[in-house]
Amino acid sequence: MRWGPLVVAVLAAVLAAQATASPPPRVSAPSYVVESAVDGSTLAARAPAQPRAIASITKLMTVLVALEHARLDETVVVPRQATGIGEATAGLRPGERVTVRDLVVGTLVPSGNDAATALALHVGDGSIARFVALMNDKARALRLRDTHFANPHGLDQPGHRSSAQDTVALLRAALRRPFVRTWASRRVATLSTGRTVETTDDLLRRLPQLVAGKTGHTADAGWSQVAVARAGGVTVYASVLGAPTREARNDDLESLLRWALAQYRRSRVIDPSRTYAVARTGWGRPDVRLVARRLVVRPAPVGRPLVERVVAPVVVALPVVRGQRLGEVRVYDGRRLVARAELVADRAVSEPGLPGKTAFVIRRAVHHLAGLVT
């Protein structure tokens, strides 16, 4: 396709909301982080890399490792060692026959220490240490630099630690498993034994945008949780570690997730009703407007303008067909490409025949002659 000379227009288009971005809410937890899945940025943080006890958030790694080494339909005889852990429980009984599926659900929904330990003993061939080694191998594979595990349940133990930013990365990895995505978002579950278990996650009841999460609480860890929320095409992650009370943790996490979602709005980043450029055609024929074929809507950051780059010809050769590709528009948020689209002719323009070209030349000659005379 032959184009005339190109013009490159770089325009600072205020496609984001006109209001300025609001500051993050006050948070009581000593360590937290909020990350955006839209552009990968950290929206707010306090001591995000500080190693801390994470309590039952640990169980995200437990189920992730278990699902890599065991099938959901495998049968497990619950060992007495698992039922003696205490604290949060899925109600398992020694000698009970359950499936790996039941143990994963019991680990995620009621945060059962018995279910997590039974999983570890099953996958580790009777050895907690062997299973924990698999957990630490997986942490290294996921590049969780602040993380080291000492047990599969998260109860306080020397050397058992992670960080706010690592727990977010762990949640991302765990949610790539469809089974984890399903059960990390359930308020209630029924095991194959007929036993009903309930979630420890209060936000599943009070934050409609919440997709999934994992809670945790011990004396060393305080009240902690990592979660993901989604609304209007925007996905955000947050981790709160060490809040002083359960309600403070809930308030901290809810306010951070709501605030993070409000930092974006859905914007018409490519608009088919706009004229992005106008190209001349020659021989006295009409100019051609360059438009996009379709509407593209993307989340745009509040208070930060997007930049659009338009590449289009100054002159195009005739004939032009309606819908003919003549240029391109790209929209950027900083260096991140938000959207791109072809620019096409909004109309067909035919090339005149010999009589038409002759008449055009005569008109131009008369016009120039008149100009010289005046």
- Task: Kindly report the accessible area of the chain per residue (heavy atoms of protein chains, probe 1.4 Å, no ligands, DNA or RNA), in Å².
- Result: 46 Å²
- Task: Could you tally the net charge around Thr199, taking each other residue with its Cβ under 13 Å from the Cβ of Thr199, Lys/Arg +1 and Asp/Glu -1?
- Result: +3
- Task: Any chance you could get the radius of gyration and Dmax over the Cα atoms of the chain, in Å?
- Result: 30.2, 110
- Each residue of the range 112-127 in order: what ³J(HN,Hα) in whole Hz does its phi give by Karplus 6.51 cos²θ - 1.76 cosθ + 1.60, θ = phi - 60°, with x for Gly and Pro? x, 5, 5, 5, 5, 5, 4, 4, 4, 5, 5, 6, x, 6, x, 10
- Item | Estimated translational D of the range 169-317 in µm²/s (Stokes, Kirkwood radius over Cα pairs; 20 °C; 1.002 mPa s) | 111 µm²/s
- On Cα atoms only, tilt of 354-373 relative to the major axis of the chain in degrees: 70 degrees
- Message: Just to be sure I understand the curve: with the Debye formula and one point per C-alpha of the range 64-109, what is log10 I(q)/I(0) at q = 0.30 Å⁻¹?
- Response: -1.22
- Query: Order of 127-136, 24-33 by packing, highest average Cβ count within 10 Å first?
  - Reply: 24-33, 127-136
- Query: Ignoring any ligand, DNA or RNA, what whole percent of the accessible area of the range 246-346 comes from carbon and sulfur when the probe is 1.4 angstrom?
  - Reply: 48 percent
- Task: Calculate for the chain the 222 nm mean residue ellipticity that helices alone would give, adding -39,500 (n - 2.57) per DSSP H run of length 4 or more and normalising by residue count, nearest 500 deg cm²/dmol.
- Result: -8500 deg cm²/dmol
- Query: In nm, to one decimal, how far is the Thr182 label point from the His148 one, both placed 7 Å along Cα→Cβ?
  - Reply: 3.7 nm
- Task: May I ask you to evaluate 6.51 cos²θ - 1.76 cosθ + 1.60, the Karplus curve with θ = phi - 60°, for each residue of the range 309-326 and list the ³J(HN,Hα) values in order in whole Hz, giving x for glycine and proline?
- Result: 10, 10, 10, 8, x, 7, 9, 10, 7, 8, x, 10, 9, 4, x, 5, 6, 10
- Query: Tell me, what ³J(HN,Hα) does each residue in the range 46-59 have, in order and in whole Hz, if you take phi through Karplus 6.51 cos²θ - 1.76 cosθ + 1.60 with θ = phi - 60° and put x for Gly and Pro?
  - Reply: 9, 6, x, 9, 6, x, 8, 5, 10, 6, 6, 4, 3, 5
- Just need the relative contact order of the chain here, percent rounded to a whole number, with Cα pairs under 8 Å and 6+ apart. 21 percent
- Item | Charge context of Gly303, other residues only, Cβ under 13 angstrom, K/R +1, D/E -1 | +1
- Task: Please build a GNM for the chain, connecting alpha carbons under 10 Å apart, and tell me which residue among Leu241, Leu337, Leu103 fluctuates the most.
- Result: Leu337
- Compute the long axis of helix 164-174 from its Cα atoms, compare it with the longest principal axis of the Cα atoms of the chain, and write down the angle in degrees, 0 to 90, nearest 10. 80 degrees
- Item | Under-5 Å amide H pairs with Ala212, H placed in peptide plane, nonlocal only | Val228
- Once you have the Cα-Cα distance between Val321 and Arg130, take 0.36 nm times their residue separation minus that, and quote the gain in nm to one decimal. 61.9 nm
- Item | Fraction of accessible area attributable to carbon and sulfur, the range 98-191 (%, probe 1.4 Å) | 47 percent
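The values are calculated or read from the model by the stated rules, or taken from the named source; none is laboratory data. Model, not experiment: these values are computed from the prediction. Reconstructed Cβ throughout: ideal geometry from the backbone, glycine too, with neighbour counts over all protein chains shown. Areas reflect the complete protein model, heavy atoms only, side chains present, ligands, DNA and RNA absent. Shrake-Rupley method; radii C 1.70, N 1.55, O 1.52, S 1.80 Å.
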